[in-house]
Amino acid sequence: DVKVTQSSRYLVKRTGEKVFLECVQDMDHENMFWYRQDPGLGLRLIYFSYDVKMKEKGDIPEGYSVSREKKERFSLILESASTNQTSMYLCASSSLDRGRNQPQHFGDGTRLSIL
Amino acid sequence: AQSVTQLGSHVSVSEGALVLLRCNYSSSVPPYLFWYVQYPNQGLQLLLKYTSAATLVKGINGFEAEFKKSETSFHLTKPSAHMSDAAEYFCAVSGLTQTGANNLFFGTGTRLTVIP
């Protein structure tokens with residue numbers, strides 16, 4: 001089974017801090033994704049990466065950056081945390097297939113609170 | 001562009017009753033469609049997927065979904081609800097970015113409550 005591991009289940013940080021969320025997958029997947037999940041809004045894509053050192057903006061990239069130095073690891077960075085970034089953050093991975101039929105596999109999420 | 005609409009943010013059913021969760025999609029190309037389930041404080045787990053083979057797709061935990069092109073729908077059903085089915089359910093459609101990367105577009109979710 002695919003395993004996607006997020007480094008923290010719960011995290012509390014202060015406004016203005018630089019925050020790192022880490023995600024590791026063990027299936028050699030090319031694609032990795034970061035979403036945030038808020039009540040009534042579903043999942044919204046922040047950034048994704050389809051190869052090492054490659055990244056592409058999703059729907060809501062403002063205030064975030066990402067890093068993919070190794071294939072198995074995808075980091076989400078909040079440059080200067082703000083209270084409106086309090087949310088559940090989900091990482092996912094999938095294999096590369098231009099036929100589009102490869103589902104994404106999700107980690108358990110990080111519930112981030114910014115005080 | 002691709003998108004999905006889930007009708008009903010909350011659905012309540014009695015234990016043993018039929019579960020019907022609605023999803024309509026929009027896609028400029030033949031769609032690949034997915035249903036995911038999320039239990040409290042967990043990530044999303046794949047229930048089933050449609051990839052242009054049989055229109056009736058069977059998934060885990062007794063769920064199934066039928067692809068209806070004429071109605072642009074992919075509704076999720078289960079004949080008899082169980083207490084353990086209480087969760088949030090997400091419909092998603094697959095799409096490609098300009099760079100050819102596989103991406104999913106999610107609905108806003110439907111929270112299923114099962115009444116004893």
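Could you list, in sequence order, all residues of the range B:49-83 that are in contact (Cβ under 8 Å) with a residue 24 or more places away in the chain, charged (D, E, K, R) and farther than 14 Å from B:LEU112 by Cβ? If the condition is that a residue be in contact (Cβ under 8 Å) with a residue 24 or more places away in the chain, charged (D, E, K, R) and farther than 14 Å from B:LEU112 by Cβ, then B:GLU71 is the only one that fits. One residue alone among B:GLY95, B:GLY109, B:GLY43, B:GLY59 is on the phi > 0 side of the Ramachandran plot and out of contact with any His (no Cβ under 7 Å at 6 or more places or on another chain), and that residue is B:GLY109.
So that you can scan it fast, the table gives a plain yes or no per residue for (1) out of contact with any Gly (no Cβ under 6 Å at 6 or more places or on another chain); (2) not in a strand (DSSP E or B):
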site: A:LEU11; (1), (2): yes, no
site: A:PHE20; (1), (2): yes, no
site: A:GLY40; (1), (2): yes, yes
site: A:PRO61; (1), (2): yes, yes
site: A:VAL66; (1), (2): yes, no
site: A:MET88; (1), (2): no, no
site: A:CYS91; (1), (2): no, no
site: A:ASP108; (1), (2): no, yes
site: A:LEU112; (1), (2): yes, no
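When the range A:79-93 is filtered for residues that are within 11 Å of the chain's Cα centre (by Cα) and either among the hydrophobic types (A, V, I, L, M, F, W, C) or over 15 Å from A:VAL12 (Cα atoms) (or both), the ones remaining, listed by number, are A:MET88, A:LEU90, A:CYS91, A:ALA92, A:SER93.
Laboratory data are not the source of any read-out in this text; all were calculated from the coordinates shown. Computed from a predicted structure; not experimentally measured. Here the Cβ is made from the backbone with ideal geometry for all residues, glycine too, and neighbour counts use every protein chain on show.
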